[in-house]
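See below for the structure under consideration.
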Amino acid sequence: MLEDVAGSRTFSTASPDSVTSVTCAQCEPAFIICEEHRAPVANLLPILVFSGKCQTSCTVLGCKHNPHLWTSGPHTTLMESVSDRLSRHMHICGLLEVILQGSGSAPPVPPCTKAEVAVLLLGCCPPTASSTSPDVLACLLKEVTMCRNLSKYTLFFLFLALSGLIFLLRNIHTVENWNCHTISALYQLQSRIHSSFVPVNLPTFHQNRTFCAHLGQKPSPEDELEERYLLDSIAWPGPPPHSSRVALRQTSDPVHSLFAILPTKGGREWHVGDQLEALVQMHDFQGRPKRYGGDFLLARLHSPELGAGVAGTVLDHRNGFYSALFPLLWVGSAHVEVTLVHSSEAVAVLRRLREERPDRVFFKSLFRLGFLSETTVCNMCLPPDPQPLCNYTDLYTGEPWYCYKPKILGCDTRINHAKGGYLKHLITNKEALLFQSGVNIKVRIHASGPDRIDVLPPWKDKVEAESSSIKPEPIKLAPSGYYYEDSWRPLGGVTMRQFNKSFAITQCLKNKVINMYGDSTVRQWFEYLIALLPELKEFNLHSPKNVGPFMAVDSTHNILLKYRCHGPPIRFSTVMSSELRYISNELDGLPGGPNTVVVLSIWAHFSTFPVEVYIRRLRHIRRALVRLVDRAPGTIVVIRSANLQALDQEVSLYNSDWYSLQLDKVLRAMFKGLNVLLVDAWQMSAAHHLPHALHPPPVIVKNMIDTLLSYVCPEEKRSQQT
C-alpha cells in the first residue's frame, strides 16, 4: 500500500510490493518543460510527463510518443500495465487514473520497469533524484493529491469563468483596444460564421475618396444658377488683401468706435411709424477711423420699462461707416444699442476656416461584429488620404457621408454615429487676438451723444401728416415683428394669439399629428410642450437622452407629437445608424393633410461646412415639401430660423453668429414664395433684452410656440367655429 503524507487517502497497487510513506521536501512545483524538446505548457493546462529515466530525460505525452492518459472515474489507481491505454485517451485533471508505476512494452511506449514509469502533474522532481527513490514516489503522491483536491473546486472555478464571460459581454466595447494581430484569427472565424447569415444581395460599399469640392450629385444648370445667386446674395465685404498682416491695434475696436442718432429732417419730433437711423463709425485700437467695411454688427432698439424691442437692419457702406435702421413701433422711450460681434479681420478668418477646414468638427462611428469592434473618423468632408473609405452616401438624395474603413471589420458593420470632437490649434496666435471675449467679441459700441429718443403717437390722420412741412421717411426695411410687454407682435402675415393656458394649447392641437425634424433647437419645442401640457405623455421609446427619436401622446384629445433629429452632420452624442434619417426621406413618407403639422429647424450643425453643402440639403428638403403639399394640400409646414447665441473664442470658430446669419439668409431665400410659414427666431432673439443663447430662455420659446400655434389655429378659423 501507498499512503499519502497526510494519511487521508490510500492507493492500491496490483503489485504486492510495498512502499514506505516519505516526505516530499525535495519536490518543487513548476511548469513542465520537456528537457529534450523544450515543449512548454500549452494553454495553461497541466501536462503529463512520461518519465523513462527521471534523472536523465523526460517525454511530454502527446509530443514524442504521442500517448494520452486514460480517464474513467474519480478513483486514483496504481496500474501495472498501461501502454495499450496511453495512446487512446486525453488527460482530464480530476477524473483520471494516474499511473505511478507500471510495466509493458507495447509501442509507442518504450519498455519500462515498475519503478521507471511515472506521470507527473503540474510539477517536477529534482533531476538528480533517483526514479526508484522514496522522494520520487512521495513527490508523485503529492502531485496526485493536488490533482484530486482540485476537483473539489471545479464548481467554484466554473462560476468564476462564467462571471468573467458575463463581464466581458457587458463590457464588449473594451475589445476595440485589442491588438489587431491578436484578434485577426478570431475575426476570420467569425466572418465565416457571419457570412452564412448575410444575404448575398446586400449592397456593398465601395472605397471611394472625396473632398468638399466634389460632393454629392452633380447639380442641374438651374440648380447651379440658383446656387450662384444665393452665394452672391450673402457675399460679405472683406478687408483689403494686405489686412491679414495687420496687427491687432489696426483692427476694429468697439471701445474707440461710436455711433450717433441722426436727427429727422427739419428737426421735428419722432412719431410712431417713422424710421430712425443711427450712423456708426468704426475705429481701430489706436483710435484711427477704419477705411473699409466688413465688420459684423448687431443693432437693437428697445425699451426696458415697456418690455419692447425690435431688431435693426445694418447697412455696410464699406468705408468704415454703417447705418442702423429701426422702425418706430411704440410710444415712449426707445434706446439704441449697437454691438460689434466680429471685426472684419475676424470675419476673414472665419470665412477661411469655413472653406479650408470643414473637418474642424469631426465625427466617429463604431463598427462591431460579434465581440470585435473598431472606431473610425467620419465626416462629409474627409481630407485626401491613402486610407480607404466607407461610402454611406444616401441612395435617395445623394447626400454624401464617409467614414475611414476599419482595419479589420467591414463597412456594413457600422452601428452608430457620434460627434467625435473639435479640432484645436486652427488659428495662429496672432489670429487668436481677434477673438477675445470682452475685447472684440460681442462688445457694445457707445454713442457719441444721446442714445435714446422719445416717440410720440402716430399722426392723427393723413391730413395732419401731409400738412407737415417735412414728410416722414418711408420705411426702407421692415422687420418681421417686435416685442411689446415681452410679447411678440408680428408685422405681417398672421394675427398673433396668446396661448397662456395649457387648455388653449390642447384645444388647438386636438386631432393633430405634429412632426418635428431637425436639431436641438426644435427639440427644445418638443420638451417645452410636454412640460406644459399635463395630458401629453411622453412614450418611452428607450431612445438616448437628448438624441431621440421621441414621441408623446395625448390619447384623450388625439394628439401625437414626434421629434426626430436630422441626418448627418448631426453633432449629438450617439445616434444609432438605423435612426439616421434625412428629413427629405422622412417627408416623403408622411401622408400629410389638414391635421398634419410639419416643423423644421436645420441650421446649427452646418456652420462648419461650405454654404454649398447647406444649399444642397435645403434643396432636397424643399423638393420633398413640394411633393408633400402637392399630394396632401392643407398640410401645415412651419420652419424655424436660426437664432443668436453666446460666443467666446472657441464657439466662434465653430458656431459663430456670422455663420448662422449666412445660413439664415440662404434659408429665407430658398423657401420664399412657397406655402411655408416662418418662425423668425433670429429677430426674436435679436430684439429681446435677455442674453443670447443657443437654446433661448423660456420667455422667448413661449413666443415662438405662440407663433407656431397661431399658424396652426389662426384667429379667423377660431372665430368661425365660435
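The values are calculated or read from the model by the stated rules, or taken from the named source; none is laboratory data. Quick caveat: nothing in here was measured; it's all calculated off a predicted structure. So basically every Cβ, Gly included, is an ideal-geometry build from the backbone, and we count neighbours across all protein chains shown.
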| request: Please specify each residue of the stretch 653-704 satisfying the condition of being part of a helix (DSSP H, G or I), closer than 27 Å to Lys424 by Cα and not hydrophobic (A, V, I, L, M, F, W, C). | output: Tyr654, Asn655, Asp657, Tyr659, Ser660, Gln662, Asp664
| message | Criterion first (of a type in the set (Lys, Arg) and either at pLDDT 95 or above or more than 35 Å from the chain's Cα centre (by Cα) (or both)) does Lys476 satisfy it? | response | yes
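Here is a yes/no grid of residues against (1) modelled with pLDDT under 95; (2) over 30 Å from Trp270 (Cα atoms); (3) crowded, with 18+ Cβ neighbours inside 10 Å:
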site	(1), (2), (3)
Tyr482	no, no, yes
Ser487	no, no, no
Thr506	no, yes, yes
Ile559	no, yes, yes
Tyr563	no, yes, yes
Ser573	yes, yes, no
| field | Filter result (at pLDDT 95 or above, assigned to a strand (DSSP E or B) and of a type outside the set (A, V, I, L, M, F, W, C)) within the stretch 421-452 | value | Ser437, Arg444, His446, Arg452
| Any idea which of Ile427, Ile408, Ile445 is touching a residue at least 24 places away in the same chain (Cβ under 8 Å), over 30 Å from Tyr322 (Cα atoms) and either under 27 Å from the mean Cα position of the chain (by Cα) or assigned by TED's automatic domain parsing to the domain that holds Glu337 (or both)? | Ile408
| message | Condition (residue is closer than 14 Å to Arg368 by Cβ and β-branched (Val, Ile, Thr)) applied to the stretch 393-407: is it met by at least one residue? | response | no
| task | Give the residues of the stretch 361-400 that are more than 27 Å from Gly589 (Cα to Cα) and small (Gly, Ala, Ser), sorted by residue number. | result | Gly370, Ser373
| query | Which residues, taken from the stretch 508-529, are surrounded by fewer than 19 Cβ atoms within 10 Å (Cβ to Cβ) and either free of Cβ contacts under 8 Å to residues at least 60 places away in the same chain or within 30 Å of Pro327 (Cα to Cα) (or both)? | reply | Lys510, Glu527
| query | Does Asp588 meet the test of being acidic (Asp, Glu), at pLDDT 95 or above and over 30 Å from Leu230 (Cβ atoms)? | reply | no
| note | Residues in the stretch 358-392 that are in a loop (DSSP other than H, G, I, E, B) and either free of Cβ contacts under 8 Å to residues at least 12 places away in the same chain or aliphatic (A, V, I, L, M) (or both) total 3
| said: Any residue at all in the stretch 652-662 that's acidic (Asp, Glu), modelled with pLDDT of 95 or more, in contact with a Ser or Thr (Cβ under 6 Å, 6 or more places away or on another chain) and closer than 25 Å to Arg619 by Cβ? | reply: no
| message | Any residue in the stretch 694-722 that is aromatic (Phe, Trp, Tyr) sitting within a Cβ distance under 9 Å of a residue that is modelled with pLDDT of 95 or more? List the pairs, counting only those 6 or more apart or interchain. | response | Tyr711/Val597; Tyr711/Ile636; Tyr711/Val638; Tyr711/Leu677; Tyr711/Val679
| Answer residue from the stretch 698-722, given it is out of contact with any Phe, Trp or Tyr (no Cβ under 6 Å at 6 or more places or on another chain) and of a type in the set (D, E, K, R) and is modelled with the lowest pLDDT among those | Arg718
